[in-house]
Structures are given as structure tokens and as C-alpha cells.
Amino acid sequence: MLDSVFGLPLIVLLVGIAFLSGIGITTVGPGGIFVTIALYSLTPISSGTVAGTAHATFIATGLVGSAAYVHSGEMKTGQARAMALILSLSSIIGALIGAYVNSFIPRTTFGLLLGAVAMATGITIVYRERRGLSPLYQLDATRREGQVVLGVLGSGLGITSGLLGVGGPVIAVPALILIGVPMLPALAVSQVQSIFIAAFATTGYLFQGNVSLPLAALVGLPLLAGVVVGWKVAHLVNPAKLKVALGIVLIVVGPYLIL
């Protein structure tokens, strides 16, 4: 059915982008944003269907990514488990709110917001990494103050991710890095959180009739394959280089979305 709507060349392109996006999800975090970008820029579907369909695929990538990082040990510490729990629970309501608000936003405004978030995040990371600056805040998830910070952060991440149809790692990984969380634990925690954001955001979009299951399956399968490859890559590359790559990727895609 999809080949009669989109055509074979576009389907092949979407599959290729999805595979590379999956690699990005578990390597630098914001890989999932490219699925959203591809659906937004290459297909005629509404911004609501873009966000809803993307979130449906992120449920599966969150499960697979979480399992991969549990296997490699990043989730064994009390800090990591506390961060994952607080961020996940606090993001649930935000994801539903974001999905609801999306229905009131024109498609052009959707692209503007998506591009602005990408650019702002990327510029912040590259600037701070190049300057060798200390984290904005040194998080301790076992202390009350740190838990409050995580709760506020989780709510904001849920709203933004739910609204824009980007996976939790897109914003969570940069945000966690800025508050002092090392790269691999940030990737691991964001995978867990993404399950909750994606599940509740998808529920909201399903009620609106804005999830294309055939399209979710088309991009979801290569996305999962890429997630496994990306997890392996993340353990082979210097984390500092991953941070810079993360920032550059976000800066590059931002203007394209805004225009």
C-alpha cells in the first residue's frame, strides 16, 4: 500500500534514513530526530501524523536501546537507575501535554520549533565542549536537590518531545551532558526515558488518529537494526568526540528545518 502512495525510491530513502537514524540514537542520542525530519520534509502527511508515527517507532527503539545498555553495564549504578526512574515518571504528563498541543500548531510552525530546538542544543554543546567548560550543574541523583532538578527536566523533556515528535534521547542526552552526566550513562538513561515518552505520546496521537502503523513499521524495522549497530559504535569511540559530533549534527539540521 505504501509503495502506491510514496513510490519505491522514497520508500528506499526512508528505510536508509531510518537505519542511519537508529545508529545515531544509541551513538549520540539525537538520531531519532532524522526520522521525524524525513517524515516531515519528504512526505505530505500532517505534522500530527509525523509526530505520532515517529513516536510509535521510538517505543521499540527505547526498549531495544535500554536492553543493550543494561547488557553493557551502564544501568548498574544507583545513580543511573535513579535518573532513569525520575526522568521517566516526570516525563509522562509532559508527553501527553505535548501531543495535545501539537494539534493546534500549523505545519510551518512545527518545522520552525523543531529546527530552533535542534540548533540551540547543538550550539550549546559544541561551545561548551570546545571551551572545556564545566557542566552547568553537577547532578547527584541520590540527593533531594538533584531529584528535583531531574523532575523539572523530565517534565520539560516530555512536553518538548511529545510536541515535536522527537525521541527522548534527542533532547535528554544533551541536557544530561550539560548537568554533568557522562556520555554513555546519559545515552543509557535516555533510552529508558524514551520508552515512557514515546508510549504516552503515541497514546495521545492515537486518540487523534495521527499514527500511521504501516509507515511506523516501514521505518521502525531498519531503525531497530541501526540502534544495535549504534550501541556497538558508542563503545568504540571517544566520548568527547561523540559530544562534538552530537552538537554539529544538531546545528547542521536546524536551518534546513527552519527554512
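The values are calculated or read from the model by the stated rules, or taken from the named source; none is laboratory data. Just so you know, these numbers come straight off a predicted model, no measurement behind them. Note: ideal-geometry Cβ built from the backbone for every residue, glycine included; neighbour counts use all protein chains shown. Ligands, DNA and RNA are stripped out before the accessible areas are found, and what is left, the full protein with its side chains, is counted by its heavy atoms. Shrake-Rupley method; radii C 1.70, N 1.55, O 1.52, S 1.80 Å.
Taking the full set of protein chains and a 1.4 angstrom probe, give the accessible area of residue 251 in square angstrom, rounded to the nearest 10.
50 Å²
Of 145, 74, which has the most accessible area and how do the rest follow, probe 1.4 Å?
The ranking, largest first, comes out as 145, 74.
With a 1.4 Å probe and all protein chains kept in place, how much accessible area does residue 81 have, in Å² rounded to the nearest 10?
Approximately 130 Å² for this residue.
With a/c under 1.5 counting as rounded, go ahead and sort the range 164-231 into rounded, prolate or oblate using the C-alpha gyration tensor (a ≥ b ≥ c being the square roots of the eigenvalues; past the cut-off, prolate if a/b is larger than b/c, else oblate).
Here the range 164-231 falls in the oblate category.
Order 83, 119, most accessible first, counting only protein heavy atoms with a 1.4 angstrom probe.
If we order 83, 119 from most to least accessible, we get 119, 83.
Might you report the magnitude of the Cβ-based charge dipole of the chain about its Cα centre, with Lys and Arg at +1 and Asp and Glu at -1, to the nearest 20 debye?
Using Cβ point charges on Lys, Arg, Asp and Glu, the chain gives about 480 debye.
Residue 200: accessible area at probe 1.4 Å, nearest 10 Å²?
70 Å²
In whole Hz, with x marking every Gly and Pro, tabulate ³J(HN,Hα) for the range 171-186 from phi via Karplus 6.51 cos²θ - 1.76 cosθ + 1.60, θ = phi - 60°.
Once θ is set to phi - 60°, the couplings for the range 171-186 become 9, 5, 4, x, 5, 5, 4, 5, 10, x, 7, x, 4, 5, x, 5 Hz.
Once you keep just the Cα pairs under 8 angstrom separated by 6 or more residues, what percentage relative contact order results for the range 1-67?
Reported relative contact order: 23 percent.
Full extension from residue 225 to residue 138: what is 0.36 nm times the residue separation minus their Cα-Cα distance, to one decimal in nm?
27.9 nm
Keeping every protein chain in place, order 178, 187 by accessible area at 1.4 Å, biggest value first, i.e. largest first.
178, 187
When the Kirkwood radius is taken over all Cα pairs of the chain, what Stokes-Einstein diffusion coefficient follows at 10 °C and 1.306 mPa s, in µm²/s?
After rounding, the answer is 90 µm²/s.
So for the chain, averaging the separation of alpha carbon pairs under 8 Å that are six or more residues apart and normalising by length, what relative contact order in percent results?
The value is 41 percent.
Between residue 208 and residue 77, 0.36 nm times their residue separation minus their Cα-Cα distance comes to what?
Additional length available on full extension: 43.2 nm.
For residue 131 paired with residue 93, estimate the spin-label separation in nm (one decimal), with each label point 7 Å from Cα along the Cα-to-Cβ line.
3.4 nm
Which whole-angstrom value gives the distance between the alpha carbon centres of the range 202-221 and the range 63-91?
With the range 202-221 and the range 63-91 each reduced to a Cα centre, they are spaced 25 Å.
Going toward the positive end of the dipole of the chain, with +1 on Lys and Arg Cβ and -1 on Asp and Glu Cβ, which of 47, 219, 195 do you reach last?
Of the candidates, 195 comes out farthest on the positive side.
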